Every structure is written in structure tokens, then in C-alpha cells.
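Shown next, in C-alpha cells, is the structure this report addresses.
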Amino acid sequence: MSEKRDDLNVLAIWPVPLKDFTWVKTGPDTAVPSRFDVRIDLADPDLTIAMTITVGSGGRALVREFAVSPRDFSATVTTRMLRKIPLERLLRASLENVTRKAIARPDIHPDAFQMPGDPESQAWVSPQPGAGRGREVPKDRIARAAEVYKQALASGNRAPAEAVAEAMHYSRATAARDIRAARERGLLPPVGGPQSASQAEAKLDAPSSDDVPANPVWRRLDAPEKWMPMQDFLNRPTGPDIVHPGIPVKDDSADQ
């Protein structure tokens with residue numbers, strides 16, 4: 001719980017990260033949970049605010065759910081009260097409350113970092129927010145388009161660009177631009193290149209912020225000098241047991 005903030009008439013803030021959240025970089029040495037709930041008690045208006053907030057790759061925060069209730073249950077919520085809610089300022093205050101110090105790991109990847117207490121074998125990959133907003137295509141969209149394209153090729157689809165347009169719900173022309181951008185970023189092999197998309201994917205070293213936005217990565221068991229998405233590591237058919245924050249570990253002794 002945070003301390004009182006008189007400038008916002010905030011009495012208290014209670015943030016709670018949601019299950020399976022990841023860390024998203026918000027600055028050179030700061031990060032926030034990708035998904036969290038927050039409860040805020042206001043003095044004026046005399047209300048309790050409940051929000052679900054998501055933070056995407058690049059640090060953009062969005063309010064996904066919003067609920068209001070009077071702190072005095074005998075009172076009612078009025079239109080006048082609602083007009084006094086400083087939503088944007090409450091969003092910023094919530095982000096400030098969940099911001100934590102991040103440890104940059106450029107030795108792993110330019111966008112890699114660790115959080116205090118993380119094991120040495122784990123790192124997070126999240127692009128640093130840009131200085132301004134423009135018309136540049138979001139990196140995660142390019143990554144998704146590249147993944148659809150590679151899956152279409154792997155399944156024998158002779159029109160992978162059409163598969164991208166259909167899966168992404170946009171035009172064929174937009175699909176072509178995203179595929180071209182994916183090739184420029186190395187997410188897809190060049191046209192006429194000797195490697196297939198699956199071969200190129202298998203030889204990627206550290207996952208880039210395009211490939212694994214705001215997700216943890218682990219060292220590969222078969223190639224320790226390389227990295228792989230944590231979920232792939234957890235789903236591997238064999239390998240040693242691991243302990244990770246938020247992942248329950250079964251106690252076999254309880255069954256004996």
C-alpha cells in the first residue's frame with residue numbers, strides 16, 4: 001500500500017500483480033508488471049476506485065476495467081462525483097506505485113534485464129519506450145505477422161501472405177508491408193534465401209524484443225550459449241526441475 005497523496009486526494013493505493021504477469025521496461029533501469037489490479041481510496045470525491053491495468057511492450061499502459069463504489073456504503077455515486085475522478089492522474093500514480101528497479105543485462109541482449117531476486121539463468125526481454133509517438137508499426141505486430149507467416153509455410157500453405165492478412169484481420173497490402181519489415185529485422189529469411197523460415201528461426205541466438213516482447217527467457221539446455229522463451233523451456237519433454245517465482249513446485253514427499 002502506498003502513502004497518502006494529498007495532491008490527488010488519494011488516501012491509499014493497493015496494487016496487486018495478476019497471475020502470470022511479466023515485467024515490462026518503462027525506462028533505462030525501471031520496469032512494471034504487465035498486468036495488475038489496483039484499488040484506490042479517494043478522499044474527494046469520497047470513492048473507492050478499482051482498475052485493471054495492462055502495460056504493453058514499449059510501456060504503454062491501458063485501463064482495461066474500471067469500477068467505482070462509495071467508501072460510505074450508505075451513500076450513492078453521483079454524476080458530480082464521477083466528473084471529479086482524475087483518471088489519467090490515477091493511472092500515472094498507479095504506475096509509479098508498481099515501478100521497480102531493473103538491472104540491465106546488455107551482455108545477454110540490448111533489451112534484456114533482470115529484476116532483483118531473479119535467478120542468474122533468467123532474463124526478461126522488453127524494448128525500452130521510445131521518446132515520442134509516431135506512425136511506426138508496433139514491433140509486436142511485426143513479430144506476430146512473422147510467426148503466422150512461418151507457421152503457414154511449415155503447414156505447406158502456398159500463400160503465406162494471405163494467411164497473415166487473414167489471421168491479422170487486415171488487408172493483403174498491409175500484410176506485405178509487415179512481411180517486408182519482418183525480413184528487414186531478421187525475423188524472416190530474405191526472399192530466395194537458402195534457409196527456410198523454420199531453419200532461420202532455429203538458428204536465432206538471443207530472442208529479440210520483437211520475438212519475445214516482455215517475456216522471460218531461459219538458457220537452452222542443448223545450446224547454453226543461446227536463449228529460448230521460458231514457456232518453451234517449461235514445456236520441454238525432458239530436463240531438470242526448476243523453481244521459478246509464481247510457479248508451484250510439487251512436494252513429492254507429501255505423497256509418501
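The values are calculated or read from the model by the stated rules, or taken from the named source; none is laboratory data. Please read these numbers as outputs of a predicted model, since none were measured by experiment. Don't worry about glycine lacking a Cβ; one is built from the backbone with ideal geometry, like all the others, and counts go over all protein chains shown.
To keep it simple, each residue is scored yes or no on (1) closer than 30 Å to Ala12 by Cα; (2) aliphatic (A, V, I, L, M); (3) surrounded by fewer than 16 Cβ atoms within 10 Å (Cβ to Cβ).
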position: Ala75; (1), (2), (3): yes, yes, yes
position: Leu82; (1), (2), (3): yes, yes, yes
position: Leu87; (1), (2), (3): yes, yes, yes
position: Ile142; (1), (2), (3): no, yes, no
position: Arg158; (1), (2), (3): no, no, yes
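For every residue, the table says whether it meets (1) outside the structural domain of Lys139 (by TED's automatic domain parsing); (2) modelled with pLDDT of 90 or more; (3) touching a Pro at 6+ places or on another chain (Cβ under 9 Å).
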{"position": "Leu11", "(1), (2), (3)": "yes, yes, no"}
{"position": "Asp20", "(1), (2), (3)": "yes, no, no"}
{"position": "Gly27", "(1), (2), (3)": "yes, no, yes"}
{"position": "Arg35", "(1), (2), (3)": "yes, yes, yes"}
{"position": "Pro45", "(1), (2), (3)": "yes, no, yes"}
{"position": "Ile53", "(1), (2), (3)": "yes, yes, yes"}
{"position": "Val63", "(1), (2), (3)": "yes, yes, no"}
{"position": "Ser69", "(1), (2), (3)": "yes, yes, no"}
{"position": "Leu90", "(1), (2), (3)": "yes, yes, no"}
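Scanning segment 92-111 for residues that are of a type in the set (Lys, Arg) and exposed (fewer than 15 other Cβ atoms within 10 Å of the Cβ), which turns out farthest from Val24 (Cα to Cα)? Spell out how you get there, then give the answer.
Initially, segment 92-111 is screened for residues of a type in the set (Lys, Arg), giving 92, 100-101, 105.
From what is left, the residues that are exposed (fewer than 15 other Cβ atoms within 10 Å of the Cβ) are 92, 100-101.
Details: Arg92: 15, Arg100: 10, Lys101: 11 Å.
Among them, the one singled out is Arg92.
Starting from segment 161-176, take each residue that is surrounded by fewer than 16 Cβ atoms within 10 Å (Cβ to Cβ) and list its partners that are of a type in the set (Gly, Ala, Ser), counting only C-beta distances under 7 angstrom and pairs at least six apart or across chains. Between residues of segment 161-176 that are surrounded by fewer than 16 Cβ atoms within 10 Å (Cβ to Cβ) and residues that are of a type in the set (Gly, Ala, Ser), the close pairs are Met168/Ala145; Met168/Ala175; Ser171/Ala165; Arg172/Ala161; Arg172/Ala165; Ala176/Ala161.
Tell me, yes or no, whether segment 23-37 has at least one residue that is among the charged types (D, E, K, R), surrounded by fewer than 16 Cβ atoms within 10 Å (Cβ to Cβ) and farther than 30 Å from Ser121 by Cα. Looking through segment 23-37, none of the residues is among the charged types (D, E, K, R), surrounded by fewer than 16 Cβ atoms within 10 Å (Cβ to Cβ) and farther than 30 Å from Ser121 by Cα.
Taking the options Ala181, Ala163, Ala143, Ala173, name whichever one is at pLDDT below 85, outside the structural domain of Arg60 (by TED's automatic domain parsing) and either part of a helix (DSSP H, G or I) or closer than 25 Å to Gly56 by Cβ (or both). It would help to see each step written out before you state the result.
On the way: Ala181 fails: at pLDDT below 85; Ala163 fails: at pLDDT below 85; Ala143 fails: at pLDDT below 85.
Just a single option satisfies the conditions, and that option is Ala173.
When the strands (runs of 3 or more DSSP E) confined to segment 1-116 are screened for residues that are free of Cβ contacts under 8 Å to residues at least 12 places away in the same chain, those reaching at least 1 such residues are found at 61-70.
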